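Take a look at the structure set out below.
The values are calculated or read from the model by the stated rules, or taken from the named source; none is laboratory data. The structure displayed is predicted, hence computed values, not measured ones. Every residue, glycine as well, gets a Cβ built from its backbone with ideal geometry; the counts of neighbours run over all protein chains shown. Areas reflect the complete protein model, heavy atoms only, side chains present, ligands, DNA and RNA absent. Shrake-Rupley method; radii C 1.70, N 1.55, O 1.52, S 1.80 Å.
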Amino acid sequence: CKKNFLNTAPDTSLPIEDAFSSPDRILSQVNGIYAGVKTGQFYGGRYLIYNDIRGEDFIVNKPNGVTGLDTWRFNLVSNTNEVVNLWGAIFAAINRANLVIEGVNANANLLSPATAKQYIAEAKFLRALCYYSALQLYAKPYITDNGASLGVPLRLKGEKDLTGNDLKRSTVAEVYTQILKDLNEAEPDLALTLPATSISIRATRNTAIAFKTRVYLSMGDLSSVVTEANKIVTATAPFKATTGTPLQLEANITNVFSGAYVGNATATEAVLSFPMADLDAPGTQNQLAYYYNVSINQAGGNEEYFLNPSGIFANPVFAAGSTDARKSLTTVSGANTYLTKFKKPSPYTDYIPVIRYAEVLLNLAEATVVSDPARSIALLTAVRQRSNPGYIFPATDLLPANLKNTILTERRIELLGEGFRSPDVMRLGAGFAAKSGTQGSAPAIPFNTAGYIWPISANEVQNNKLIVQN
Amino acid sequence: QDRTITGTVTASEDGLPLPGVSVKVKGAAGGTTTGVDGKYSLKVGNKATALEFSYIGFLSQTKAIGGSSVVNIQLKSDSKTLSDVVVTGYTTQSKKDVTGSIASVSGEKLKNVPVQSFEQALAGKAAGVNIIQPNGVLNNPPVFRVRGFNSISLSSYPLIIVDGIPVFTGDQSANSAAGNALGDINPSDIESIDILKDAASSAIYGSRAANGVVVITTKKGKQGVTKINYEGWVGTTKAQNLTPLLNAAEYVQIKNEARTNIGQAPAFFLQTKSDGSQVETNWYDYAYRTATSQNHALNFSGANEKTSYYVSIGYSNQEGFIVGNSFERKNGRVNIDHKLFKNVTIGTNFSYSNTLNRAPNTGSLPGQAFSTVGLGRLAIVLPPNVAAYNEDGSYNINAPAGSVGLGANTIASNYPNAAVLVNEDKNTSESDRIIANAYASIQIVKGLTFKTTYGLDNLKIDNNSFVNRLQGDGFTYGGGATSNFVKNSRWNWSNTLSYNGLFGDHTLGALIGAEDQYTKSLGYGATRQGVIDPFIKVFQGAFGAITPAGLIQGDNAFRSYFGSINYDYKKKYYLTGSFRRDGYSGLSANNKYGNFGGASVGYAISEENFYKNLGISKVLTRVKLHGSYGEVGNINIGNYPALFLYNPGLYGLSPALSFAQAGNPNLTWETSKKADVGINLEFLGGRFSLDVDYYHNNIDNLVQNAPQAPSKGVPGNAITTNVGKMYNKGFEFTVNSRNIEHDDFSWTTSLTFSTLKNEVTALGNNNADLFGATSLETANITRVGYPIGSIYTVPTAGVDPATGERIFVNRFGQKLRFSFARATAARYQYLDGPNAGQNAPAIDAALDATITGQSIPKWFGGLDNNFRYKAFDLSLGLTFSGGNKIYYGSLAGLRDQRFWNNEKDVLNRWTTPGQVTDIPRLVYGDNTSNGSAFAQSQNVFSGNFLKVRNLALGYTLPKTLFSKYGVSNIRVYAQSSNLWIISNYPGPDPEVSVNGNSTTTGNSGNLAPGVDRNSVPSGRTFTFGINVGF
């Protein structure tokens, strides 16, 4: 009778045979990698949060194991949720990238050669972003021993069956080498510019270059930072990119955190951001605004972490009477002050800042402290004066001995809450400072002592016989 | 010479006339039946010496005629014959002839028990059947296991067949109001429950039989005038064995002492009200209550030669002891069988039910254990020195933080005010369900019958939840509502041809059949957030945002061919075999079909002539040996596990397509090879019986969501695959005894006792361990060589009397002292040995934990005693279980040294050197010493218990009082459930499993059994009821 009675298939999912069957679907797959990196467990929220709350600028207000308490107070073990979930999310995104690289190669006949190359380049860029992120928490910083310590396993082919569980950790240096290989291969193949609807939410050539400044800075390779940055930063103010996607500091930092960047021709600050939408939100307890924003006035925050009065919030930029525009990105609730950079209430559709042009300028400023102090100061001043036009740095702050610290301080002010504090502490070989509040305290963690880096996920240890725990 | 005999047949119990009784002359053909008044008239020949009277449900009697022309007789009802038939799938069989292993429970035993679904009442009633009630949430499905845990990753719930229809099971609710699908069936409609345990009896269900098959037969009308029965009860329920907590003054003292011990200023203070009294809140008062329940069942039944009917209606309204928890069921049933022509019978079983479940978020369902809004947890963590309400009657809340008000404390509790949640939040799950079938049966020639049956189970569920904007889950988004509607529909069409024949001493039965089944589920729903005006409490109101939620789409199909054969010679030698070929849509094209089968043999030694001549045959009147072997399957693998799938989604506003499921084209069923040997012994003609069975279930091809190294990035880090092996084996004993049988006094006893040994013998990925998580916590491991879901904790060795610090034992056997008061790197120090006092590496729960014991009971059973003295009856039902360990995770929370309230025992904390205690020195913020940070062995306890499950005292009113009103029988009774628990377990109830039946990774009931974490306790119920028969 019914010949196909036993042949059922879901109406809501696509069989793998059809996954690369048209140019539109292949583009969808590329977006799927971005979506994987952007998941709330990873770059859609938690990765930034972990990196900030490890630092000394935030104090826990809601001591909840689900919202990062043990990250904040360096009390993680290998099966703590953040350790397991972030590891899983990073590698799930890497696998998507690997599958897309293989899928585009296998179906290249459906695409123009340039488009095929561009898609593969985007996948490589994202793979590099994932590996870089994994190193920041699960491996010792490059500075420790020039990358001789154990990094993470390098998975470079798509996985979809039962084989291949065991893979050893490559060294930090090997992983950085792969990251740079991916970025260097991606750079020429990436689009110079993208259509308006994709500006800042997908990688272009300038995105890869900007990201390389961060990667080289993490490796302490200052001259390479300069080489890369020079491709997208003019020699003198006003600093901007002269080729590819227009990049320039926006006039007003509050516009940068208005919640969305896309489709705004003047949104030149976002080198890369991850979009959110009502139907593509970060998910419960992953949202930046939920952690940092206030709950009053229906702001949607849960006041999980407030600004440490003795952290960067002690800087005069945030003092009473300060006219620095970045002060307006904070709000008082009760006895504490909260960061309000991220402000969209539920379902929390703030775009995630991944790379901002301000960071590129500060990366370059830090790299030129010794080699070109005048340019370094000019870059620093550009960032400062965007938010406080009349501000003149005291001369002592700009002395050769102090300039780097001044830049690093500016970095903490400018990039507060954007996931930079922990990687910065670590690449500089510093320890994590002690911090405390009424709801708990966290000890100081000296450089490369217990708790300084995260353990490898317990699930990995259990299922990958070649893995070595930190 | 013929003469005419007349007489009246009455029932001995009530003296009422019995219509339809067959009356015939002994040794002759023909006869008659009694009329509605019980009278008969029969012409007999002169050779007739005696009359035989027979009637379904009554013992047949033969009475000599003598010279009389009037023969009156009283027939005794035969409760044994009612249960003498077992339903073995598509056929029925006399219990005497069964050679497989089938446990039968009469519907009588479920009568009047204050439960929501029948299987809750099965505890201790059938050997080999283990029922664990997870906690006191109403209509929460019990963990129902037949002969052990028969799967690791798939459902181990038995297949439930109601009147031939495989019905939906499990918790069908999408929110906190548990909705056991079997709660839709009115227990008082059930005639019998037959549990097919071994392969020979269950193989006719093929790929779905590995967990055992439970065949439910609903009631049918019996020959005679219309009978009307009413059963009703009212009752009250209270929570039992609540853990004593610190009062306000003790809380302030303990928490401040903890702060002082780490050099922090006191932060907790008593709050004085305007009348000078102090705030003292028992949060249990806001979570638990004394609840009332009522239950009514009314049925009409009867039959004549052509038609039998059973019509029932029922209403149950049960309140739980948890505030806001209730279960309300309305149901109706019509069962009709009608002889259309001489050789054609048609019939239907049609039932409709509406069930409304309501509950707060109890934190007690799978996946909820660590919810910060779970009522079970809130009641024990909220500070007792803070009021639920302000003096002006408003809620005491810390508005900007979304938590309970501070009172005089300077540190806020993170937790919301329980009073707000129980008053303002709502969860309901309402089901509308039709379970029905219609059949036609045609006798082609004598003994050969064709039957076609079409059955359906349509289950529609309307789930609604609302969370308020003040406190709890709805706080950050300004309140919200989630509703979804799910349609589950299944049809099942089976056609069978059966043959029964008697050839001299040879009895033969055979069956062949084919069956198609199709199941479809569709769900629609959305979540709304941001209540526009606080009066809005429903999904349909005005909200700021809406996103889809609870979307479900899936289908699956079975196509099956099956057959069975029964043969016996002189009721002495038995041979049966059955076979099924199942095709399942969820498997890949080359693997759709599988073959299953089983066979059994039986030998009734007591039927041998030599035995009958033995002296012992006078005492040991029946001896039957039986054995069976077969192979069945478990196919609860979901709808599409074989397929590799990509899911469309969004990247911002752009379409995004991503890898969503690593399928497995080689996937096939789990196979369960079941062996069974047993013996049935009857003494003194059945007055005392003993059944003993030994079973061995070898399960291989275990389907496992085989964990993949997360660095592979496979979605879900798992691929469904056939790996792994496990066995369950054990003994089962059933004793039934009619100890005393007098007219005025009788005493019967029944005992079931079962043992279970489970061992996992192979797992996927080179025998990689499987961890069983209870949401955020892992306290179970499934490891080769050990029972499934063993308790897995970091070993501790008490509290160091010198320092008051918790002693941990690491994987090298070294003892470490822990103090949260020291700097991170110095928190763990060696207790003794050459490095004593030096800093030690921190405990790593994943590496240092060890197996602390098995979590599933090694033995369990029940003991029922029933006494009757004249019009009084008394029944005492005990259940017992043990040999297992329970991880009492709640105790970690009850001793946690954050702002949480603690149990009273914390007053015994270490304070002075040399003091021996099991509560470490208190250090504020310490979540490690007592087990919150990772599971620890001091929170593992024996799960042995003996429960007075049921105690009932009844009185049957004298008939003379009311027989003139047509009432035949009135019995009143008082009853208690869960009256008493004898156990060393420190928590409320050792019969507990917060992960229930869930198979979801992260809260799997099979991978993480025996966990008591933040769940509500169980209840104790008293009922008063009445049964009336007309």
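Could you pull the accessible area for B:Y727 with a 1.4 Å probe, rounded to 10 Å²?
The accessible area of B:Y727 comes to roughly 30 Å².
Which of the peptides A:14-26, B:748-760 is most tightly packed, and how do the rest follow, going by the mean number of other Cβ atoms within 10 Å of each residue?
B:748-760, A:14-26
Where does each of B:M726, A:M219 land when they are ordered by accessible area, with a 1.4 Å probe and the largest first?
Greatest to least solvent exposure: A:M219, B:M726.
Check each residue of segment B:763-808 and keep those whose accessible area, probe 1.4 Å, is at least 50 Å² smaller with all protein chains in place than in the chain alone; give them in order of residue number.
B:N765, B:L776
Using modelled backbone amide H atoms (1.01 Å from N, in-plane), which distant-in-sequence or interchain residues come within less than 5 Å of B:A656's amide H?
B:G649, B:L650, B:Y651
So what is the accessible area of segment B:591-635 per residue, in Å², with the probe set to 1.4 Å?
Per-residue value: 44 Å².
Below 8 Å, C-alpha to C-alpha, sequence gap of six or more: please give me the relative contact order for chain A in percent.
Contact order relative to length: 21 percent.
For B:I442, what is the net charge nearby, where nearby means another residue's Cβ is under 15 Å from its Cβ and Lys, Arg count +1, Asp, Glu -1?
The answer is +3.
Using a 1.4 Å probe on protein heavy atoms only, how many Å² of accessible area do B and A hide from each other, summed over both chains and rounded to 100?
What B and A bury together is about 6500 Å².
Grab the DSSP H runs of chain B that are 4 residues or longer, score each as -39,500 (n - 2.57), total them, divide by all residues and round the 222 nm result to the nearest 500 deg cm²/dmol.
Using -39500 (n - 2.57) per qualifying helix, the result is -1000 deg cm²/dmol.
Please work out how much length the chain gains when fully extended from B:H696 to B:A399, using 0.36 nm per residue of separation minus the C-alpha to C-alpha distance, in nm with one decimal.
Gain on extension, B:H696 to B:A399, equals 100.9 nm.
Using a 1.4 Å probe and counting only protein heavy atoms, arrange B:T519, B:T803 so the residue with the most accessible area comes first.
Reading off the accessible areas and sorting them downward yields B:T803, B:T519.
What is the distance, in nm, between label points placed 7 Å from the Cα along the Cα-to-Cβ direction at A:N297 and at B:N458?
So the two model labels end up 5.4 nm from each other.
Report in % the part of the accessible area of chain A that belongs to carbon and sulfur, leaving out ligands and nucleic acids; probe 1.4 Å.
Of the solvent-accessible surface of chain A, carbon and sulfur hold 55 percent.
To the nearest 20 Debye, how big is the dipole of segment B:3-77 about its Cα centre, given +1 on the beta carbon of each Lys and Arg and -1 on that of each Asp and Glu?
Charge dipole, segment B:3-77, about its Cα centre: 400 debye, nearest 20.
Efficiency by 1/(1 + (r/R0)^6): what FRET value for A:K240 and B:R811, r their Cβ-Cβ distance, R0 = 56 Å, to the nearest 0.05?
According to the calculation, E is roughly 0.45.
What percent does the relative contact order of chain B come to when contacts are Cα pairs within less than 8 Å and at least six residues apart?
About 12 percent, as a whole number.
Considering only protein heavy atoms, what is the solvent-accessible area of A:D166 at a probe of 1.4 Å, reported in Å² to the nearest 10?
Accessible area, nearest 10 Å²: 60 Å².
For B:E903, what accessible surface area do you get with a 1.4 Å probe? Give it in Å², rounded to 10.
10
Which net charge results when you count Lys and Arg as +1 and Asp and Glu as -1 among the other residues whose beta-carbon is under 10 Å from that of B:S983?
Value of the local net charge: -1.
With axes computed from alpha carbons, what is the tilt in degrees of helix B:248-260 against the longest principal axis of chain B, rounded to the nearest 10 within 0 to 90?
Computed tilt is about 50 degrees.
In nanometres, what is the gap between the two model label sites at B:N767 and B:D285, each 7 Å from Cα along Cα-to-Cβ?
Inter-label distance under the simple model: 5.8 nm.
Among B:659-672, B:529-542, how do they line up from the highest to the lowest mean number of other beta-carbon atoms within 10 Å?
B:659-672, B:529-542
Quote to one decimal, in nm, the extra length available between A:L428 and A:F393 on full extension: 0.36 nm per residue of separation minus the C-alpha distance between them.
My answer for the length gained is 10.3 nm.
Using amide H atoms built in the peptide plane, which far-off residues or other-chain residues are under 5 Å from B:N180 H to H?
B:Q172
As a check on your grasp of the helix formula, calculate [θ] at 222 nm for chain A: sum -39500 (n - 2.57) over DSSP H runs of n ≥ 4, divide by the residue count, round to the nearest 500.
-12000 deg cm²/dmol
Enumerate the residues in segment A:1-37 having an amide nitrogen under 14 Å from the point lying 7 Å beyond the Cα of B:Q553 toward its Cβ.
A:9-15
Setting aside same-chain residues fewer than 8 positions from B:K570, which lysines have a Cα under 25 Å from its Cα?
B:K26, B:K80, B:K95, B:K96, B:K446, B:K612, B:K618, B:K624
Compute the FRET efficiency between B:A974 and B:D533 as 1/(1 + (r/R0)^6), taking r as their Cβ-Cβ distance and R0 = 51 Å, and round to the nearest 0.05.
That pair, B:A974 with B:D533, gives E of 0.55.
Amide H neighbours of B:Y924 under 5 Å, at least 5 residues apart or on other chains, H built in the peptide plane: list them.
B:R259, B:N261, B:I262
Using the Cβ atoms and a cut-off under 11 Å, what net charge is assigned to the surroundings of A:N184, where Lys and Arg are +1 and Asp and Glu are -1?
-2
What is the spin-label model distance, in nm, from B:V311 to B:N666 if the labels are put 7 Å beyond Cα along the C-beta direction?
Calculated label separation equals 6.0 nm.
Please give the FRET efficiency for A:S258 paired with B:L847, using the beta carbon to beta carbon distance and R0 = 56 Å, rounded to the nearest 0.05.
For R0 = 56 Å, the calculated efficiency reads 0.75.
Leaving ligands, DNA and RNA out of it, rank B:I512, B:I336, B:I322 by accessible area with a 1.4 Å probe, largest first.
Largest accessible area first, the residues go B:I512, B:I336, B:I322.
Per Stokes-Einstein, at 20 °C and 1.002 mPa s, what whole-number D in µm² s⁻¹ belongs to segment B:3-77, with the Kirkwood radius over Cα pairs as the hydrodynamic radius?
My calculation gives 178 µm²/s for D.
Subtract the Cα-Cα distance of B:T960 and B:K618 from 0.36 nm times their separation in residues, and report this length gain in nm to one decimal.
119.0 nm
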